[in-house]
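To start, the structure under review is shown below, and the notes come after it.
The values are calculated or read from the model by the stated rules, or taken from the named source; none is laboratory data. What you are looking at is a predicted structure, and each value in this text was computed from that prediction instead of being measured. Cβ placement follows ideal geometry from the backbone for every residue including glycine, while neighbour counts extend to all protein chains displayed. All accessible areas refer to the heavy atoms of the entire protein, side chains included, with ligands and DNA or RNA removed. Shrake-Rupley method; radii C 1.70, N 1.55, O 1.52, S 1.80 Å.
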Amino acid sequence: MYRKPVPAFFALIAAAFVVTACSNDEEAGVDNYDPARDYFTFANTDQFVTEHLALDLDVDFEAQQLQGFAMLTMRRADAAASQVTLDTRDLTIASVAVLQSGNSVPAEFKFGEEHATLGTPLVIDLPADTGASFDLIIEYHTSPSSTALQWLPPELTAGGKHPLMFSQSQAVHARSWIPLQDTPAIRITYEATVRTPRSLLAVMSANNNPLTPRTGEYHFDMPQPIPSYLLAIAVGNLYFAPLGEDTGVYTEPELLDASVYEFADTQAMLEQAEAMYGPYDWGRYDLLVLPPSFPYGGMENPRLSFITPSLLAGDRSLVSVIAHELAHSWSGNLVTNATWRDGWLNEGMTSYIESRLMEVIYDVDRVDEERVLSYRELLQDLEEVPEHMQALAPRLDDTSTEDFQGGIHYSKGQLFLEYLEKAFGREAFDVFLTAYFQEFAFGTITTEQFLDYLELNLLSQEGSPVTRDQAEQWTYQPGLPEDALIPRSTNLDSAAAMAIAWAKDEVELAEIPVGNWSPQATIHFINSLPVELSGAKLAELDAGWGLGKTSNAEIGRTWFIQVATRRYTDAYAELEAHLNRFGRGRLIAPVYSALASNGEDRELALEMFERARGAYHPITVGWIEAGLERAAD
Ligand code: BES
Ligand code: ZN
């Protein structure tokens, strides 16, 4: 979602072009690019395929590590292959054994060379008589610096008394808590035994039983096959409250009531999604509301979406994130992008379904407002993302960063699907999507497979309003096609008009009906203020609307980006409070960037970052650092 344009990344791209232009040998290398290959794994999945994972882990808060066993049930796909290569990062491997027909035989293993983004390959030599199906038993522990796990001391939790640990595996971090084939192309079922301090509860992206006694030993089963990036665990002083028949929320007791109020519509969203796209195949759907350092808005871990507490605005205004994570139960978790290049099939389709759900549960005006805001963010992305990365399915063999595309997979993907919906009609497009989910259920899909399926079912119809060429313009070309449907919102248009009129003193602040506005309209108003607005006017706005003290994290984000960009120093103390209150990357990284690039406050941004960074997740730290680095250029 957020780019880390490490200078080396651009250098590499530039080098690739030079090479293409002047060297035939190298050119052949470039042409060997395989769009269906996942360049973000070391695993030799063409030779061996994992089918099941059994974990047995102790959660050690003192050592900040998970320790135990992973047993991978593997099937051989290549009779001649004798080595299994797994993905790892910062794992200590104590032993590896191969288990076959009840016999366990130790296996030799060694690490390959470490790679900054991909971690370290673990190469296991199989005993000579290893057959077509076997188990690998790996005894290991994680490192406190595991990029997937954050170990929070009590003071960084809501309750302040118990530690809390959570994982974030997407995109390439499962390998830093489990040695495995870490690629979305492989699906596995899993089971786990997890031992924790007695007072704490463990939850996973599996069958969580809300009535589980708190014994300090927990068992999980995930009978549906999932890609590795959906493996997830959290341990803390967590309690459960139901939201509906099949839905509920886990969080610290201090946040339970607020969460139940905020996410009360989750059951309705689930039922609506089933009505539109077919059965929910996963059993229960629960939420886990984490401490503020959770780096994302939400993460669609199956059966248990992980959620930022910054959604707790008190008015249900930010729950499109819940609709989004729930929608992933179809687009992403049920039908999964084959490689990260095809990420738009996860995120774009999910953004599309998110909006469809929000239209039914709330209303179309609210959703149009959200559409316009994300379109504006897309336009910004299109200015910043290099052209060759603007395709929905870009060439993706550069592994120097895992953040490569800004929001393009999301908003451009959504616009593509809205374009198809408009062309074929909502009814026909719903039929198409429902059939698509059935056809590819529990499978993975490349952009090319999607296009073929689209062609077969819609594009090849007599008189089809869309050609394959037009579809491919979306998937393979930069920018937006000319006939893209640009989102419109009359509410936001009038908020923007108000911003201009108020800036020119044509209306009084008190005359603006902000009390009746959605948070989205307030956001659009703030973003529409002219560049040259005086400090006195900003002070008037802040005092009148209490923007610095807003309980809506997205309004806060928008306001403090403006505060930083415009150097409205009166609000800097509140700006720093915002940076300390939230840890979700989206809410704070752009505020740091704006501060660092306003021409005066780079040092101040660095100081604020130094003061706050101890509470941030390493992923968020990475985004902020990349932004600060960019501001230095
Ligand atoms: N799956 C993503 C989060 C993600 C994407 C993690 C790529 C790692 C790599 C999740 O579903 C998501 O999109 N979260 C958004 C929600 C928003 C678009 C509604 C977020 O966190 O902002
Ligand atoms: Zn998503």
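Based on this model, can you work out whether I361 counts as β-branched (V, I, T) and buried (at least 23 other Cβ atoms within 10 Å of the Cβ)?
no
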> Can you pull out the strands (runs of 3 or more DSSP E) entirely within region 122-177 that have at least 1 residues that are within 16 Å of ligand 1 (Cβ to nearest atom)?
Replying inline: 149-152, 164-167
>> Criterion first (assigned to a loop (DSSP other than H, G, I, E, B), under 24 Å from G332 (Cβ atoms), small (G, A, S) and touching a residue at least 12 places away in the same chain (Cβ under 8 Å)) does A484 satisfy it?
In response: yes
>> Looking at V105, V98, V194, V123, can you tell me which residue is within 26 Å of Y39 (Cα to Cα) and either open to solvent by 50 Å² or more (accessible area, probe 1.4 Å) or of a type in the set (A, V, I, L, M) (or both)?
In response: V123
>> Taking the criterion of being modelled with pLDDT of 95 or more, farther than 20 Å from E377 by Cα and not in a helix (DSSP H, G or I), would at least one residue in region 573-581 satisfy it?
In response: no
>> With the structure loaded, tell me whether I137 is within 25 Å of Y39 (Cα to Cα) and either modelled with pLDDT of 95 or more or not basic (K, R) (or both) or whether it fails that test.
In response: no
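Results for (1) over 22 Å from R356 (Cα atoms); (2) away from ligand 2 (no atom under 14 Å from the Cβ), shown as yes or no for each residue.
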site: P292; (1), (2): yes, yes
site: I307; (1), (2): no, no
site: V319; (1), (2): no, yes
site: A323; (1), (2): no, no
site: N337; (1), (2): no, no
site: D342; (1), (2): no, no
> In this structure, is F416 part of a helix (DSSP H, G or I) and in contact (Cβ under 8 Å) with a residue 60 or more places away in the chain?
Replying inline: yes
>> Take the conditions more than 19 Å from V260 (Cβ to Cβ), within 11 Å of ligand 1 (Cβ to nearest atom) and not in a helix (DSSP H, G or I) and apply them to P302. Does it pass?
In response: no
>> Need pairs with beta-carbon distance below 6 Å; first residue open to solvent by 60 Å² or more (accessible area, probe 1.4 Å) and within region 200-229, second part of a strand (DSSP E or B) and not hydrophobic (A, V, I, L, M, F, W, C); sequence gap 6+ or separate chains.
In response: N207/D221; E217/R195; H219/T193; D221/E191; P223/T189
>> Cβ contacts < 6 Å: first residue buried (at least 22 other Cβ atoms within 10 Å of the Cβ), restricted to region 388-410; second residue outside any loop (DSSP other than H, G, I, E, B) and modelled with pLDDT under 90, any location; separation 6+ or different chain. Result?
In response: none
> Do the conditions hold for T73, that is, is it over 27 Å from G343 (Cβ atoms), open to solvent by less than 40 Å² (accessible area, probe 1.4 Å) and of a type in the set (S, T, N, Q)?
Replying inline: yes
> Which condition does A313 not pass, out of (1) touching a residue at least 24 places away in the same chain (Cβ under 8 Å); (2) within 18 Å of Y229 (Cα to Cα), if it passes all the others?
Replying inline: (2)
> Looking only at region 425-442, which residues are surrounded by fewer than 15 Cβ atoms within 10 Å (Cβ to Cβ) and outside any helix (DSSP H, G or I)?
Replying inline: G425, A441, F442
> E354 is checked against (1) over 29 Å from A338 (Cβ atoms); (2) free of Cβ contacts under 8 Å to residues at least 60 places away in the same chain and fails just one. What number does that condition carry?
Replying inline: (1)
> Is region 277-287 home to any residue that is touching a residue at least 24 places away in the same chain (Cβ under 8 Å), more than 26 Å from A435 (Cα to Cα), within 15 Å of ligand 1 (Cβ to nearest atom) and buried (at least 24 other Cβ atoms within 10 Å of the Cβ)?
Replying inline: yes
> Any idea how many residues of region 578-610 are touching a residue at least 24 places away in the same chain (Cβ under 8 Å) and among the charged types (D, E, K, R)?
Replying inline: 6
>> For region 599-632, which positions are buried (at least 18 other Cβ atoms within 10 Å of the Cβ) and outside any helix (DSSP H, G or I)?
In response: D601, Y616, H617
> Taking region 102-121 as the region of interest, how many residues are in a loop (DSSP other than H, G, I, E, B) and either in contact with a Pro (Cβ under 8 Å, 6 or more places away or on another chain) or free of Cβ contacts under 8 Å to residues at least 24 places away in the same chain (or both)?
Replying inline: 6
> Would you pick out the residues in region 334-355 that are open to solvent by less than 10 Å² (accessible area, probe 1.4 Å) and near ligand 1 (Cβ under 10 Å from one of its atoms)?
Replying inline: G343, N346, T350, S351
> Is it the case that some residue within region 351-359 is within 12 Å of ligand 2 (Cβ to nearest atom), outside the structural domain of E271 (by TED's automatic domain parsing), hydrophobic (A, V, I, L, M, F, W, C) and closer than 27 Å to L290 by Cα?
Replying inline: yes
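Going by the structure shown, is R557 more than 29 Å from V364 (Cα to Cα) and of a type in the set (D, E, K, R)?
Spelling it out, it is not the case that R557 is more than 29 Å from V364 (Cα to Cα) and of a type in the set (D, E, K, R).
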> Just checking, how many residues over region 311-330 are more than 10 Å from ligand 1 (Cβ to nearest atom) and either open to solvent by 10 Å² or more (accessible area, probe 1.4 Å) or among the small types (G, A, S) (or both)?
Replying inline: 7
> If you go through region 126-179, how many residues are on the phi > 0 side of the Ramachandran plot and open to solvent by less than 20 Å² (accessible area, probe 1.4 Å)?
Replying inline: 0
